[in-house]
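The values are calculated or read from the model by the stated rules, or taken from the named source; none is laboratory data. What you see is a predicted model; the values in this text were computed from it and never measured. Virtual Cβ from ideal backbone geometry, glycine too; neighbours counted across all protein chains shown.
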Amino acid sequence: MRFTFDIDYSLEQAACNRQRMEARSRYAITDRVPVGFCVVPRFFTPHFDMPYCEFFRDVETHYYWQLQFAKFRIEHIPEDMFCTGPSLWVYPFFDNVLDSDALGAETVWPENETLQSCPTIHSVDAMERFDIPSPTAGLWGRLLDWCIRMKELAAETRVTLGGAPIEVVVGAPNIGGLSPHMLAVDLVGVDFYWWQVEYPDACHRFLAKITAALIQAQQYFEQVWPRPRGGIWLAEDTAQIMSLASFREFCVPYDRRLYHALAAPGGDFGIHMCGDSTHLHPALVEDLPVTSFDLFGYLVPPTVAARTLGGKMRLWGNINPMLMLNGTKAAVITAARECLEALAPCGGLLLGDGANVCPGTPLANLAALTEAAEEYGSG
């Protein structure tokens, strides 16, 4: 075998995690509310004293460090979402620049920071000239190539969980999950906000092209790598500074178009928003078939989320990441208790960050969420 990893974690623990997550999907609770984090590769590189840019050197390096990070995560971060059975999932990761790069944004590859997209469209005329790219353009092409190669590497890998062999599964290639509006801002920059006021028709044509490009790419991936169709997940981080009316005009129609084109009938629809999204909650409930509000921003008080969204969709969040980074363990436990007391009675809660675990966050502060969940129990 080319790669061998033994993970100090039992299949029994993984089965308990799966039971908690399955109960959550039914708005039920087993012994306690499950815990899950948005922990991305940038979090792990300091633990291995490696520059972040090394993670992207080539597909084999990328695959190897994915396994190393997964082992570290399972062994050191108590949570329920990540390890739920006799398999370990790996997948090419390009931060949040996958789709914007394929659509023509400039990607910056820093040595020790997350990948960044820089706008390449600087006029309304240039926006009008935007053409739908090939499904293999930019990082979409690399994603597909790396998925294929990682599947070959998985066949040369032996991983055990508590001594029991488990399977390494490579996820199917998918579009990145940024909404059409987020991608428009990546391509244009902040000018896109005032263009929506001055040139709304042009902005709608641009959003329609982006949406068509995403649908075309995803359908191509599904032809190359057949898989059962499920739900979709979209990030709408650029929306929380918009009014409810603007969100309904420039975001909702295109999100709905993606859902109806790409999700199975009745499939899940997950939405993510950082920041204070409270004023947009009516649209999540009334205009979009949202089934899960994932990693919602810590600026939404849990009591407000319980009132506006509780029982209407599953919720994942929303402890302040800066508190988790800089606060005491006692303070994190207090915040977790407040979240549990407000949201656990609604059902469907996954206790976690709101949103993204910062590099350097103490492992003890991550463990604090599971401790709070265990103390709260089934309520």
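Test Gly354 against the criterion of being within 17 Å of the chain's Cα centre (by Cα), within 16 Å of Arg24 (Cβ to Cβ) and crowded, with 19+ Cβ neighbours inside 10 Å, and give yes or no. So Gly354 does not fit the description; no. Considering the conditions (1) out of contact with any helix residue (DSSP H, G or I) (no Cβ under 9 Å at 6 or more places or on another chain); (2) closer than 28 Å to Glu12 by Cβ, Thr30 is excluded by exactly one of them, (1). Restricting the first member to region 145-163 and to residues that are loosely packed, with under 13 Cβ neighbours inside 10 Å, and the second to residues that are of a type outside the set (A, V, I, L, M) and part of a loop (DSSP other than H, G, I, E, B), the beta-carbon pairs closer than 9 Å and six or more apart or on different chains are Glu156/Arg2; Gly163/Ser10.
From the list Arg26, Arg32, Arg2, the one residue that fits, being at pLDDT 95 or above, basic (Lys, Arg) and surrounded by fewer than 15 Cβ atoms within 10 Å (Cβ to Cβ), is Arg26. Look at region 331-346: where a residue is in contact (Cβ under 8 Å) with a residue 12 or more places away in the chain and among the basic types (Lys, Arg) and a partner is part of a helix (DSSP H, G or I) and crowded, with 19+ Cβ neighbours inside 10 Å, sitting 6+ places away or on another chain with Cβ atoms under 9 Å, you get Arg337/Ala372. Considering region 231-256, and only residues there that are under 20 Å from the mean Cα position of the chain (by Cα), among the charged types (D, E, K, R) and part of a helix (DSSP H, G or I), the residue that is surrounded by the fewest Cβ atoms within 10 Å (Cβ to Cβ) turns out to be Arg256.
Meeting the requirement of 1 or more residues that are out of contact with any Gly (no Cβ under 7 Å at 6 or more places or on another chain) and polar (S, T, N, Q), the helices (runs of 4 or more DSSP H) wholly within region 155-230 are 191-198, 200-224.
For Cys274, the criteria (1) of a type outside the set (Val, Ile, Thr); (2) surrounded by 20 or more Cβ atoms within 10 Å (Cβ to Cβ); (3) not in a loop (DSSP other than H, G, I, E, B) hold in every case but one, which is (3).
Within region 71-89, restricting attention to residues that are in contact with a strand residue (DSSP E or B) (Cβ under 6 Å, 6 or more places away or on another chain) and hydrophobic (A, V, I, L, M, F, W, C), the residue that is nearest to Ala235 (Cα to Cα) is Trp89. If the condition is being in a helix (DSSP H, G or I) and surrounded by 16 or more Cβ atoms within 10 Å (Cβ to Cβ), then region 125-140 contributes Met127, Gly138, Leu139, Trp140. The set of residues in region 216-228 that are surrounded by 13 or more Cβ atoms within 10 Å (Cβ to Cβ) and either within 13 Å of Ala102 (Cβ to Cβ) or at pLDDT below 95 (or both) comprises Gln216, Ala217, Gln218, Tyr220, Phe221.
Quick one: would you say Ala137 is at pLDDT 95 or above and closer than 30 Å to Tyr199 by Cβ? Yes.
Would region 347-359 turn up any residue that is over 20 Å from Gly177 (Cβ atoms), in a helix (DSSP H, G or I) and either of a type in the set (Gly, Ala, Ser) or touching a helix residue (DSSP H, G or I) at 6+ places or on another chain (Cβ under 9 Å) (or both)? Checking region 347-359: not a single residue is over 20 Å from Gly177 (Cβ atoms), in a helix (DSSP H, G or I) and either of a type in the set (Gly, Ala, Ser) or touching a helix residue (DSSP H, G or I) at 6+ places or on another chain (Cβ under 9 Å) (or both). Each residue in region 302-332 was checked for being of a type in the set (Gly, Ala, Ser) and in a loop (DSSP other than H, G, I, E, B), and 2 pass.
Taking region 279-296 as the range and being acidic (Asp, Glu) and either closer than 15 Å to Gly310 by Cα or crowded, with 20+ Cβ neighbours inside 10 Å (or both) as the test, the residues that pass are Glu286, Asp294. Taken over region 249-264, the criterion of being under 23 Å from Gly311 (Cβ atoms), of a type outside the set (A, V, I, L, M) and free of Cβ contacts under 8 Å to residues at least 60 places away in the same chain is satisfied by Arg256, Tyr259.
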